[in-house]
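Participant: I am attaching a structure below and will ask some questions about it afterwards.
Laboratory data are not the source of any read-out in this text; all were calculated from the coordinates shown. Not measured: the values here are computed from a predicted model. Positions of Cβ are generated from backbone atoms using ideal geometry, with glycine treated the same way; all protein chains shown enter the neighbour counts.
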Amino acid sequence: MTSLTPGRISVVIPAYNQEAYICDALASLARQKLGRWDLEVLVVDDASTDATAALVESFNNSLPRLRLVRLSQNAGVSAARNAGLQLATGEYFTFLDPDDWYSPEHLAVLADALTGLHVDFVRSDHVRVTGTNRVIHRAPQALRGMPLNPADDIEPIDSPSMVDYAFVWAGMYRTELMRQRGLFYFDADLSSAEDRLWLWKAHLGTTRYAVVSSPSVFYRRGLPGSLTQVFDERQLGFIPAYERILAAVRSHPDAERHLPKALRQFFAIVCHHEKRAKHYPPAVRLAMKQQLRQVFTSIDPQSALQVALEMDVARRRHILSFLQPGTIGAAK
């Protein structure tokens, strides 16, 4: 296991064909006002076919602890992040997507909060960037700058909570603690929704966290290569991700409390994908239907009904249609 350096922050950047944006991300790291903190940057080139790697290497002088990790085959964002995490030597770690960037105070603010509040991890607000438009997007927790119980912020069921704020890069985490509790790595086989599973596990498996008012990470939206813009089998990663979320919740001591939230979130995302399904190839639509029906066989019918009844009528009927015929009757 890699030894850790106190006072160091490791930033993991997975990158695939990001020559258009990677310099913005790295320049923002070179501009960080770190104070007492030391910075390590781990860029994992996920078998890019463009100039991404060369551009990363051009920052060697401005980022002394920059390390470029080259993968021989494209492995996806989860595996790329894991490759960076495996080499991280920072006391704390965080993530930066290669098309996003930080304001100069971002890392120091989060690290100071993590230290001063004696918590396991911190989360922050962010700025959504669409073209020239910028909008602050706040984490759904009004209590700021104080230790909170992560499990308490899984709920409420019917409105946004911190497990709905599924951005692992809007936060910073204690390396040793996350390692010890088996929360460090991503499930490498997931093509999407890997952030959701990782954050659910963090909220179930830690004891103290905080939210800080620091909208200092900038998130580009609507780019051509983003997952929201593609309509292939990668979209189906949410299905195994939620199988694992539901399994993790069921094995938790407070499973009865948290399962309705997990089901409500899963059902909402099922409806979202069904709405988009007209854009998916027929084979992907069929695979989605088959995989969802399989997942629904593992869900307690009465629990599903109770959660579905709190949804609007159209979504409720849609969700109940996935349950095996005759299990709980027709939707009203």
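Participant: Below 27 Å Cα-Cα, how many Lys pairs turn up in the chain? Only count pairs eight or more apart in sequence, or on different chains, if you could.
Facilitator: Going through the chain pair by pair, I get 10.
Participant: Over the C-alpha atoms of the range 230-320, what are the Rg and the largest Cα-to-Cα span, Dmax, in Å?
Facilitator: When restricted to Cα atoms, the range 230-320 yields Rg and Dmax of 13.3, 41 Å.
Participant: Sticking with this one: Counting just the Cα atoms, what span does the chain cover along each of its three principal axes? Round to the nearest Å and put the largest first.
Facilitator: 66, 43, 41
Participant: Here is a further query. Can you list the HN-Hα couplings for the range 270-281, worked out from phi with the Karplus curve (6.51, -1.76, 1.60; θ = phi - 60°), rounded to whole Hz and with x for Gly and Pro?
Facilitator: My calculation for the range 270-281 gives 4, 4, 4, 6, 5, 5, 7, 4, 5, 8, 7, x Hz in order.
Participant: I'd like to know which of 199, 7, 21 lies farthest towards the positive end of the charge dipole of the range 5-226, counting +1 on Cβ of Lys and Arg and -1 on Cβ of Asp and Glu.
Facilitator: The listed residue farthest towards the positive side: 7.
Participant: Please express the Cα-Cα pair-distance distribution P(r) of the range 13-55 as a list of whole percents, one per 5 Å bin, running from 0 to the bin with the greatest distance.
Facilitator: Here the calculated profile for the range 13-55 is 5, 22, 30, 19, 12, 8, 4, 0.
Participant: Another one. Any chance you could list the semi-axes, whole Å, largest first, of the equivalent ellipsoid that the Cα gyration tensor gives for the range 153-223, using √(5λ)? Write down the numbers at each step before the final one.
Facilitator: Details: eigenvalues 72, 56, 43 Å².
Values for the range 153-223, descending: 19, 17, 15 Å.
Participant: Work through the residues other than residue 115 whose Cβ is under 14 Å from its Cβ and net out their charges, Lys, Arg +1 and Asp, Glu -1.
Facilitator: On the way: positive: 8, 36, 174, 208; negative: 38, 91, 112, 120, 176.
Here the charged neighbours net out to -1.
Participant: Now for a different question. Any idea how far the Cα center of the range 157-207 sits from the one of the range 1-54, in Å?
Facilitator: 20 Å
Participant: Please report, in whole Å, how far the alpha carbons of the range 1-102 spread along each principal axis, starting with the longest.
Facilitator: Dimensions of the range 1-102 along the principal axes of its Cα atoms: 37, 30, 20 Å.
Participant: Still on this model: When Rg is the radius of gyration of the Cα atoms in the range 110-210 and Rh is its Kirkwood radius, what does Rg/Rh come to? Don't skip to the end; give the middle numbers.
Facilitator: Working: Rg = 13.8 Å, Rh = 14.3 Å.
The Rg/Rh ratio comes out at 0.97.
Participant: Another one. Taking the beta-carbon count within 10 Å as an exposure proxy, list 115, 132, 49 from fewest neighbours to most.
Facilitator: Numbers: 115 16, 132 5, 49 9.
In order of increasing Cβ crowding within 10 Å: 132, 49, 115.
Participant: Please arrange 43, 163 by counting, for each residue, the other beta carbons lying within 10 Å of its beta carbon, fewest first.
Facilitator: Values: 43 31, 163 22.
With the fewest neighbours first, 43, 163 line up as 163, 43.
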